[in-house]
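The values are calculated or read from the model by the stated rules, or taken from the named source; none is laboratory data. All values derive from a computational prediction rather than experimental measurement. Heads up, the Cβs are rebuilt from the backbone with ideal geometry, glycines too, and the neighbour counts pull from every protein chain shown.
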């Protein structure tokens with residue numbers, strides 16, 4: 001399956017954007033849409049859904065200009081991994097896009 005895997009409006013606190021289903025591998029890209037003034041955002045992957053830690057950050061306090069988009073590189077996650085996001089201003093929307101397939 002391919003397409004949009006998850007969407008949400010951010011807060012300053014980390015939120016779950018997408019949880020990879022059991023026995024699934026997903027190739028994901030996260031798109032950020034900043035709806036306000038300049039801010040920063042975070043994207044992290046919690047392997048197996050564990051508590052958030054700094055070492056999981058793919059994007060850490062990454063700047064995004066006022067009313068501009070941002071994005072991540074594509075990355076692969078598997079069963080029970082969780083993509084979490086936040087923005088300092090709470091004025092960003094996040095969309096996870098990608099493809100999923102069954103684990104072998």
- Query: Is there a residue being in contact with a strand residue (DSSP E or B) (Cβ under 9 Å, 6 or more places away or on another chain), assigned to a loop (DSSP other than H, G, I, E, B) and closer than 15 Å to residue 93 by Cβ anywhere in segment 27-34?
  - Reply: no
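Please state which one of 58, 5 is surrounded by 13 or more Cβ atoms within 10 Å (Cβ to Cβ), in contact with a strand residue (DSSP E or B) (Cβ under 6 Å, 6 or more places away or on another chain) and modelled with pLDDT of 95 or more.
5
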- Going through segment 62-99 in order, the residues found to be within 12 Å of the chain's Cα centre (by Cα) and at positive phi are 98
